1. Evaluate the following for Phe229: is it under 26 Å from Ala273 (Cα atoms) and either in contact with a Cys (Cβ under 6 Å, 6 or more places away or on another chain) or among the hydroxyl-bearing types (Ser, Thr, Tyr) (or both)?
2. For the condition touching a helix residue (DSSP H, G or I) at 6+ places or on another chain (Cβ under 6 Å), crowded, with 20+ Cβ neighbours inside 10 Å and either of a type outside the set (S, T, N, Q) or in contact (Cβ under 8 Å) with a residue 24 or more places away in the chain (or both), what is the one hit in Val138, Val132?
3. Within the stretch 103-124, track down each residue that is surrounded by fewer than 16 Cβ atoms within 10 Å (Cβ to Cβ) and not in a helix (DSSP H, G or I).
4. Of the residues Val41, Val83, Val59, which single one is out of contact with any Pro (no Cβ under 6 Å at 6 or more places or on another chain), within 30 Å of Leu166 (Cβ to Cβ) and either in a helix (DSSP H, G or I) or modelled with pLDDT of 60 or more (or both)?
5. For residues in the stretch 241-259 being part of a helix (DSSP H, G or I) and surrounded by 17 or more Cβ atoms within 10 Å (Cβ to Cβ), which is modelled with the lowest pLDDT?
6. Would the stretch 199-208 turn up any residue that is buried (at least 23 other Cβ atoms within 10 Å of the Cβ) and in contact (Cβ under 8 Å) with a residue 12 or more places away in the chain?
7. Can you tell me which residues in the stretch 153-202 are among the aliphatic types (A, V, I, L, M) and farther than 28 Å from Cys333 by Cβ?
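The values are calculated or read from the model by the stated rules, or taken from the named source; none is laboratory data. Since the structure is predicted, the reported quantities are computational estimates derived from the model, not experimental observations. Ideal geometry is used to build each Cβ from the backbone, glycine not excepted, and the neighbour counts take in all protein chains shown.
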Amino acid sequence: MSQISPQKPPITSQPRAKTNVLQQHAPWLYAFWKFSRPHTVVGTTLSVLGLYCIALSRVGVLSSAEGFNALLTAGQAAIMDAVLPTLLACLCGNVYIVGLNQLEDVAIDRVNKPHLPLASGEFSRREAQVIVVLTGIVAIALAVLQGHFLLATIGISLAIGTAYSLPPIRLKRFPVWASFCIFTVRGVVVNVGLFLHFNDRLQQNTAIPITVWVLTAFILVFTLAIALFKDIPDMEGDRRYNITTFTIRLGQRAVFNLCRWILTSCYVGIMMAARWMPQVNTALLIGVHSVILALFWWYSLRVDLQDKAQIARFYQFIWKLFFLEYLLFPIACLLG
């Protein structure tokens, strides 16, 4: 790379910064959208819908035309009664967790993520505190109304999220505990808790099938890679404010390579497990995961670790692969 920066064009010839419609006409909502960390919102939404579909695949009404028609008739009521309240509770819990983290990390985010509303000044500390408190209360209230499985899922997630960010515990200071918090919530609590919740609402037995355990194992290990990778682009701010991460201890290249092999093990593992799982479309799981793994390695070999923007784009790519699993796996279960 050239060490010489190109000359800046005259101010009059510089293109105007692009703004989206929400940013232009509803700046508070745009700030709230950034505050909620959109990639986590998408992940939470897909996990709720995906686990509902997996629970639905166990009902056994999809094997006949009559059963499918009955399912369509009952679908709207089921969505209004169970899916939407569950989704809202989980999204509120999501905003509570990421919002609390931002409240405690304002100084760090001014270095690592200056676009976030608290770091940029779009939100005052008071505004953020109100949002965090309200979303936490709504999440718990909705969970109480939905049943004990969802209450346990939301309660454990919020407790771990609080311990992760809030002093004096603030587990994010310790790399092992920080990773443990992230992959425990995303990997175990969400998958097992939501399946049991939807299974209960569909009046099925509470036994957890092997398909859910395989998905849980996949997401658990995948989330470990996300937990490790997320600190690679944040090394400067973490070092400045004494947040010890594996990236600071081991270096960017070592952690990047570790994450690649962790994710590779995820895809190889689920392709091997697909042969032993009943009631899933084995060909779909093996075929699509093979393509994803090849694409992942092709992209990873082209990432320049000296370019923070490239690292950030690759991190978002990993999140897209995470999203994809909550589409692919439920479809394989429904088609099995």
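1. Values: under 26 Å from Ala273 (Cα atoms): yes; either in contact with a Cys (Cβ under 6 Å, 6 or more places away or on another chain) or among the hydroxyl-bearing types (Ser, Thr, Tyr) (or both): yes.
Yes, satisfied.
2. Details: Val138 fails: crowded, with 20+ Cβ neighbours inside 10 Å.
Sole residue among the options that is touching a helix residue (DSSP H, G or I) at 6+ places or on another chain (Cβ under 6 Å), crowded, with 20+ Cβ neighbours inside 10 Å and either of a type outside the set (S, T, N, Q) or in contact (Cβ under 8 Å) with a residue 24 or more places away in the chain (or both): Val132.
3. Scanning the stretch 103-124 gives Pro114, His115, Gly121, Ser124.
4. Working: Val83 fails: within 30 Å of Leu166 (Cβ to Cβ); Val59 fails: within 30 Å of Leu166 (Cβ to Cβ).
The match here is Val41.
5. As a first pass, look at the stretch 241-259 and keep what is part of a helix (DSSP H, G or I): 246-250, 252-259.
This time we only want the ones that are surrounded by 17 or more Cβ atoms within 10 Å (Cβ to Cβ), so: 246-248, 255-256, 259.
Details: Phe246: 65, Thr247: 69, Ile248: 68, Val255: 85, Phe256: 87, Cys259: 91.
It comes out as Phe246.
6. Filtering the stretch 199-208 down to residues buried (at least 23 other Cβ atoms within 10 Å of the Cβ) leaves 199.
When the remaining residues are screened for being in contact (Cβ under 8 Å) with a residue 12 or more places away in the chain, the result is 199.
Yes.
7. First, pick out the residues of the stretch 153-202 that are among the aliphatic types (A, V, I, L, M): 154, 156, 158-160, 163, 166, 169, 171, 176, 178, 182, 185, 188-190, 192, 194, 196, 202.
Result: Leu158, Ala159, Ala163, Leu166, Ile169, Leu171, Val176, Ala178.
Conditions tested, residue by residue: (1) in contact with a His (Cβ under 7 Å, 6 or more places away or on another chain); (2) in a loop (DSSP other than H, G, I, E, B); (3) at pLDDT below 90.
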position	(1), (2), (3)
Trp298	no, no, no
Arg302	no, yes, no
Leu305	no, yes, yes
Ala312	no, no, yes
Ile318	no, no, no
Glu325	no, no, no
